Amino acid sequence: MKEKWISSIMAGIFIAMGAMVYLSVPNNLIGSMFFATGIFLVLNLHNMLITRVCPLMVYDHKYHWSDIGISWVGNGLGTLIAALVVCFTRFVSAISDPIKKIGETKLNDSPLSLFLLGILCACFVAFAVLIGAKQEKGSFGQIFYVWLFITAFVYCGFEHIVADMFYLSCYALNFGADILQVAKVLGCVTAGNLLGGLFIAWAVRKLDGKDEAE
């Protein structure tokens, strides 16, 4: 159990690292390409990122619903730790403007929009997880597919719950935030990420004939 909590917290920190790079790059496309830094760490170190745990729970029954809860809380703690560290450094001034813009966009968005953008994000991440898992670890194929799907969802502005946890933590620490608005974002995006991840994993499992094999 302790290992799961450590893995989940580290996953949150890794995603925050990717988000830090994204925020510090002025060009949106280039920043989106470098966001995948955090995902590569998560996938190659097999950390419990909720958007990785979710599809694998369905696809190969590696995880259970309790792991969803652990990863959500652990990921959030990891992003909060990263946000607190950032806020005590001069780096926070470099990302203050994009954090404010991103935070306000998310907090002022509608629940339906957040939910649907969460589903779209989960589709990309689930494919990155499932296709990447079929490639040899560290191979060109794994790197390419993961990079491609992650860059795509970040560039499109889709909603990833763990990245949002980091962005909103930074926003709240620097500008303050209404707890109900934050809860709206986290709840809607979590629901969208879970639904999208579960569906893609179920569909890929069916196409791969894993149920028949068992």
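Nothing in this text is a laboratory measurement; each read-out follows from the coordinates by a stated rule. Everything numeric in this text was worked out from a predicted model, so none of it was measured. Every residue, glycine as well, gets a Cβ built from its backbone with ideal geometry; the counts of neighbours run over all protein chains shown.
The mean sequence distance of close C-alpha pairs (under 8 Å, at least 6 residues apart), as a share of the length of the chain, puts its relative contact order at 30 percent. The sum of -39500 (n - 2.57) across all DSSP H runs of n ≥ 4, divided by the residue count of the chain, sets its helix-only mean residue ellipticity at 222 nm to -28500 deg cm²/dmol. The trypsin sites (Lys or Arg not before Pro) of region 96-152 that DSSP puts in a loop, and whose beta carbon has at most 11 other beta carbons within 10 Å, are 137.
Between the Cα long axis of helix 111-134 and the first principal axis of the chain there is an angle of about 50°, rounded to the nearest 10. Look at the alpha carbon pairs under 8 Å that are at least 6 residues apart: their mean separation over the length of region 103-214 gives a relative contact order of 45 percent.
Residue by residue, region 23-31 carries 3J(HN,Hα) couplings of 5, 8, 9, x, 7, 4, 5, 5, x Hz when phi is fed to the Karplus relation 6.51 cos²θ - 1.76 cosθ + 1.60 (θ = phi - 60°); x denotes Gly or Pro.
Please report the spacing between the Cα centers of region 162-179 and region 1-73 in Å, no decimals. Here the two parts' Cα centres lie 18 Å apart. Backbone geometry of region 170-176 corresponds, through the Karplus equation with coefficients 6.51, -1.76 and 1.60 at θ = phi - 60°, to 3J(HN,Hα) couplings of 4, 4, 5, 5, 9, 10, x Hz, x marking Gly and Pro. Taking Cα atoms, how many degrees apart are the long axis of helix 91-107 and the longest axis of the chain, rounded to 10 and kept between 0 and 90? The helix 91-107 is inclined about 70 degrees to the chain.
Roughly how many debye, to the nearest 20, is the charge dipole of region 37-169 about its Cα centre, given +1 on each Lys and Arg Cβ, -1 on each Asp and Glu Cβ, and no other charges?
Numbers: 8 positive and 8 negative charges, 42 e Å.
Result for region 37-169 is approximately 200 debye, rounded to the nearest 20.
Let me know the number of lysine pairs in the chain closer than 25 Å at the Cα, not counting same-chain pairs under 8 apart. Taking the Cα cut-off of 25 Å, the pair count is 15.
Across region 2-213, the volume of the C-alpha convex hull divided among the residues equals 113 Å³ per residue.
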